[in-house]
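The next block holds one structure in the form of structure tokens; read it before the comments.
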Amino acid sequence: MSTTDTTTAAIEVNNVSHSFKERRALRNISFQIARQELHGFVGPNGAGKTTALKLICTLLRPQVGNIRVFGHDVAADVKLIRHRIGFMPDHFSMYRQMTVFEYLDFFGAAYGLSVERRNQVIGDVLTLTDMDGRREDIINGLSRGMQQRVSLARVLVNDPDLLLLDEPASGLDPRARIELMAILRELRGMGKTIFISSHILSELAELCDSVTIIDRGEVKFSGAMEELLSHDSRHAVYRLRVGPDAPEGDVPIDQIEGVIGVEKFDGQAEYVIEFDPEITSTNSVLQGLIELQIPIVSFTADQKHLNQAFMDLTQRGVP
Amino acid sequence: MLGGTTALFTRGLRLDARLLRSHLLRFLFAVLIFSGLVWTHINSNTLGAPGREFFRSITYLNVAFISLAGISFFSTAITEEKEEGTLGLLLMAGISPLGILLGKSTTRVLTALFLLLAQFPFTLLAITLGGVTIRQIFAAYFALFAYLAFLSNFALFASVYCRRSGKAGGFTCVVVAIPMILPFIGPRWIAWLSRRMAAVGADTDTGFFAAASSAIDAITNVSVLVRIDAILTTGFSESPVSLQVVLHLVSALAFFLLSWATFDSLTSDHSTEPTRLIDVPQRGKRRENGLNRVWRNYMMWKDFCFMTGGVKWWLIKFALYGIGLATVAIVLYWTTGTAISSGIGQGGEIIVGAMAIAIMVELSIYASNVFRQELRDKTFLTITLLPISTARMAYAKVAGCLLALVPAVGYFVLGALLDPASLMELLELPLVWAGIVFFVLFLHMTAYFSLIVKWGALPLALAVASLFSVGCVTPLAAIPILLVTEMTGDEAAMIMMMIYFGCVSAAALQVLIGLKLRSAAAQ
């Protein structure tokens, strides 16, 4: 389904709070997701990810604040939003007695597609999910990975602009995970906005354009993946790789002006150099290294692993 | 074995102690006993033997309680472990089948037993009120304990045999219902039928009628209600150990041993092959014959094909009902000696009655499953996100269930065509319409309970309907009914009031079901 207004964000969450009896699941959260973006939604168990997803897909109404999907308010424009989204829950909610074809045909009919259109769409989504040869199989007899593909195919039947996927890779073997991620990349290439909640942090790092980290109902970070993976803005961290003819013993890198710390990895020709960008610049540090006659192989900005960023931003223990 | 059994036993007791509903049930029981005592005290001037009437009400209450516990509580002892997938874990933990059976069932039986024991001192008050002896009280408790032992062990076997709690509860419900109902309606039905047959010159002293009478007599001997009636007659001096007690205790032991003997074979996973109620057409044939293509009313299609069994079960039901009715026709032919066509013609009334019961049974089962299945399979969330209102979705599901009634309705219409006069006569009675409305209300209640309880929605609805119809609705409805009757002077107005109350209550339940469905999707 296309839309004429392409300026608004796909999802806007503004100061949303939500409670279940005494327990506050979300505390004044705000974030935005641009169109045609693959956005990761990461948080420990009980952080409020599923609650946020259910609010976005209109299953729950926000108690405080507002959420807009393609500019439509989730509390007011439920039908409009439901036509444009596809939600895949974290559990396999499927009619297991049906065949793959019947299952997709059922949802196609539910979205009002004609028989001819359904035939075409089902063929397309089964090809996309590589399940074309299994259309007559009963869902109950399929492996978990295949059921997940059918579930994804179901989400795509009404050609939604926004896909909301709650833990889509949980319980899948490595091959199935990699294949699922490849399908998601393909879908992003087709112009879909994808909001994916997952615990598989390393995969998100490769897959997502942006990420939101949530912990104990609060957004700890929301922005581009590069921004999260780079170190904090106060200090710059670079990784220096030197050649085999580098001088033995300690190299006085820490004497370069502005350099705060140097860490050498034992047995490796590699240093991690931290410097204050307010005192010096990357070029100046590189110039200093050349002056020290160090045989430089590479000098690149160091990026934290997503797991490290996640650990830094979230707290220990169960909320 | 003892360690594992004790662990299961203590876990069961702890769980029971933690659950609020267990304590509420005990409190409700105490309130009911107290109400019985007050009622007896108030009416002691008009009652010949107030102590006996008080004790009778307590005993009936206990029978109702044990029966309900059998259907819902005892019958889930093993199925709940199967459904949660924890039975294998228990076996892997080194607990033997006997240990599991003892550990799981003993807690439940003890919970029920404690309730009976706790009330025993209070029931002795009946002696001071007069009209009942200590022998009668002991005999009644012997009968109740034997019934409890039988039912708990039969339910345990049903729980071992069945994969799902609902099915185990259903089996137990049949075993509870037959000795409850048959001794009271069976002889009347036989008498009515033999009168009819005698009118056409049949011999009603031998053959089918004699066999049916013997079967009813045998069932009567094991009926706890019949035994309690016998105990509470004036001048009772029999031994507390009656045939009913012996038969129930022997059956209890037999069912426990059967559960133990068949545990391994019945609880192991037989097959992981996918199964379904309807046939999967061969590849390529689907589009040629148009079978299994989703209908325009997709929700109706889904529930008709996958909840009620679809066309395949239509055909099976057509055959089963047909065989049942043909059997009746043949029996009529044998007993009357007249032509089958003539027999069927006279049996129109029987066909209508039998199919009315079939329709009621089918509807009750569908009402308890129509929403429950979606919740159990966690599919409700997915269909809630479809561009259709909850109300439309619910009605479409109901329509799918109604479509499954075609075989029963077909035979009902056939019966009505064979004997239209009787049906018209029946439909002219306002009480019949009140009964239909009450049944519709019962279906709503079942559907609502299926959304709020994990299992046993149907027995719960049956119990609530029975309690309300005799305990609350009748006295509450009596006031406006009497007023209306007084004002209009028309007895039919009384029935109209009942119909009105039934319709309003059903509408209120529809609203509640809608609200519950909406909240269930978000959970």
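The values are calculated or read from the model by the stated rules, or taken from the named source; none is laboratory data. Because the structure is a prediction, the values reported are computed rather than measured. Glycine gets a Cβ as well: all are built from the backbone with ideal geometry, and neighbour counts include every protein chain shown.
Some observations on this one:
- Check on residue A:67, more than 13 Å from chain B (Cβ to nearest Cβ), under 22 Å from the mean Cα position of the chain (by Cα) and in contact (Cβ under 8 Å) with a residue 12 or more places away in the chain: yes
- Exclusive hit being at positive phi and not in a loop (DSSP other than H, G, I, E, B), set A:46, A:40, A:65, A:108: A:65
- Taking the stretch B:405-462 as the region of interest, the helices (runs of 4 or more DSSP H) fully inside it that hold 1 or more residues being surrounded by 21 or more Cβ atoms within 10 Å (Cβ to Cβ) and touching a Ser or Thr at 6+ places or on another chain (Cβ under 6 Å) are B:430-452.
- When residues of the stretch A:70-102 are limited to those that are of a type in the set (A, V, I, L, M, F, W, C), under 16 Å from residue A:51 (Cα atoms) and more than 7 Å from every other protein chain (Cβ to nearest Cβ), the one surrounded by the fewest Cβ atoms within 10 Å (Cβ to Cβ): A:75
- Those residues of the stretch A:100-127 which are touching an Asp or Glu at 6+ places or on another chain (Cβ under 8 Å) and in contact (Cβ under 8 Å) with a residue 40 or more places away in the chain, in sequence order: A:100
- Of all residues making up the stretch A:21-36, the number that are touching a residue at least 24 places away in the same chain (Cβ under 8 Å) and in a strand (DSSP E or B): 10
Conditions (1) of a type outside the set (A, V, I, L, M); (2) in a loop (DSSP other than H, G, I, E, B); (3) in contact with a helix residue (DSSP H, G or I) (Cβ under 6 Å, 6 or more places away or on another chain), marked per residue:
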| position | (1), (2), (3) |
| --- | --- |
| A:136 | yes, yes, no |
| A:146 | no, no, no |
| A:164 | no, no, yes |
| A:171 | yes, yes, yes |
| A:179 | yes, no, no |
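- When residues in the stretch B:72-85 are screened for being at pLDDT below 80 and under 14 Å from residue B:11 (Cβ atoms), 1 of them pass.
Yes/no matrix, rows are residues, columns are (1) within 24 Å of residue B:378 (Cβ to Cβ); (2) modelled with pLDDT of 90 or more; (3) touching a Gly at 6+ places or on another chain (Cβ under 6 Å):
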position	(1), (2), (3)
B:474	no, no, no
B:488	no, no, no
B:498	no, no, no
B:506	no, yes, no
B:513	yes, yes, no
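- If the condition is being out of contact with any His (no Cβ under 8 Å at 6 or more places or on another chain), in a strand (DSSP E or B) and either at pLDDT below 80 or among the charged types (D, E, K, R) (or both), then the stretch A:246-281 contributes A:263, A:264, A:270.
- Test for residue B:259: is it assigned by TED's automatic domain parsing to the domain that holds residue B:136, at pLDDT 80 or above and either buried (at least 17 other Cβ atoms within 10 Å of the Cβ) or within 30 Å of residue B:351 (Cα to Cα) (or both): yes
- Applying a threshold of 6 Å to beta carbon distances and a minimum spacing of six or more residues, or different chains, the list of pairs starting in the stretch A:140-156 at a residue that is more than 12 Å from chain B (Cβ to nearest Cβ) and ending at one that is polar (S, T, N, Q) reads A:149/A:129; A:152/A:129; A:153/A:129.
- Residue within the stretch A:276-286 that is without any contact (Cβ under 8 Å) to a residue 40 or more places away in the chain, of a type in the set (Asp, Glu) and within 12 Å of residue A:299 (Cβ to Cβ) present: no
- Subset of the stretch B:367-396 that is more than 23 Å from the chain's Cα centre (by Cα) and modelled with pLDDT of 90 or more - its residue that is nearest to residue B:301 (Cα to Cα): B:396
- Filter result for residue B:71 (of a type in the set (A, V, I, L, M, F, W, C) and buried (at least 18 other Cβ atoms within 10 Å of the Cβ)): yes
- Residues (farther than 15 Å from residue A:150 by Cβ, at the interface with another protein chain (Cβ under 8 Å from one of its Cβ atoms) and either of a type outside the set (A, V, I, L, M, F, W, C) or out of contact with any Lys or Arg (no Cβ under 8 Å at 6 or more places or on another chain) (or both)) located in the stretch A:103-117: A:110, A:111, A:112
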